[in-house]
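The structure under discussion appears below in the form of structure tokens.
Read-outs throughout are calculated quantities, based only on the coordinates presented, and are distinct from any laboratory measurement. Keep in mind that this is a model prediction, so the values were computed, not measured. Cβ placement follows ideal geometry from the backbone for every residue including glycine, while neighbour counts extend to all protein chains displayed.
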Amino acid sequence: MKFKTTLLIFGATLLFTSSVQAQTSAEALFEAKCASCHVKTRPSDISTLVAPPIMGVARHVKMTYKTKEEAVKFITEYTLDPQESKAVCMPDKLKRFGLMPSQKGNVSKEELTTIAGWIYDNFGNQGQGQGRGQACKEK
Ligand code: HEC
């Protein structure tokens with residue numbers, strides 16, 4: 001009985017630790033591959049932005065794709081092969097920032113699946129950011 005309990009606790013700790021690690025490595029990947037352009041918090045001076053902050057991107061993705069699976073697929077495909085016709089953000093954002101350069105060669109499909117799932121889980125929920133997808137709309 002006591003041994004079983006110990007095992008259980010050990011198992012639970014392992015599970016917990018590995019999910020925390022997955023979270024950390026997804027975030028680290030985002031930092032390494034995406035954060036140079038997509039900031040995670042809105043800066044006070046938006047004129048310094050080179051791309052829409054990630055919560056704005058996530059909001060628009062979620063407005064268009066209802067399931068995590070579809071959203072992850074979209075983010076992965078767009079990042080490797082950005083096209084104006086596929087974009088879910090506002091057209092004037094494309095005008096302001098220009099089309100995202102393809103990240104092919106910079107990030108692998110597997111890494112992208114991890115990053116995209118993390119973006120989906122952490123950004124673009126109701127009440128986050130300011131107003132409806134403003135990050136993508138601002139001039
Ligand atoms: C060199 C700068 C740069 C890097 C690095 C970058 N992006 Fe972007 N990204 C942009 C710009 C600029 C836009 C806005 C224009 C557009 O939508 O194509 C954008 C838009 C997006 C969009 C929204 C597409 C839409 O529907 O309009 C997604 C999703 C995205 N990026 C994901 C990523 C991910 C994931 C990474 C990291 C693997 C990444 N980006 C790295 C510049 C970048």
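Numbers for the structure displayed
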quantity: Cα centroid separation - region 79-106 against region 49-63, whole Å; calculated: 11 Å
quantity: Residue 40-residue 113 pseudo-label distance in nm [points 7 Å out on the Cα-to-Cβ vector]; calculated: 2.3 nm
quantity: Per-residue Cβ neighbour rank within 10 angstrom, fewest leading, 102, 19; calculated: 19, 102
quantity: Pairs beyond 21 Å (Cα-Cα), from 40/93; 40/86; 73/109; 33/95; calculated: 40/86; 33/95
quantity: Value of Rg/Rh across region 2-137 [Cα atoms, Kirkwood radius]; calculated: 1.07
quantity: FRET efficiency, residue 67 to residue 2 (Cβ-Cβ, R0 41 Å, nearest 0.05); calculated: 0.40
quantity: Per-pair calculated FRET efficiency, R0 = 41 Å: residue 20 and residue 102 via Cβ, rounded to 0.05; calculated: 0.80
quantity: Relative contact order (%) - region 2-137, alpha-carbon pairs under 8 angstrom, separation at least six; calculated: 33 percent
quantity: Sequence-separation-based contact order of region 33-112, relative, with Cα cut under 8 Å and 6+ spacing, percent; calculated: 27 percent
quantity: Helix-only CD estimate at 222 nm, as mean residue ellipticity for the chain, using -39500 (n - 2.57) per DSSP H run (n ≥ 4); calculated: -18500 deg cm²/dmol
quantity: Per-pair calculated FRET efficiency, R0 = 30 Å: residue 84 and residue 28 via Cβ, rounded to 0.05; calculated: 0.50
quantity: Prolate/oblate/rounded call for region 31-111, Cα gyration tensor, a/c under 1.5 rounded; calculated: rounded
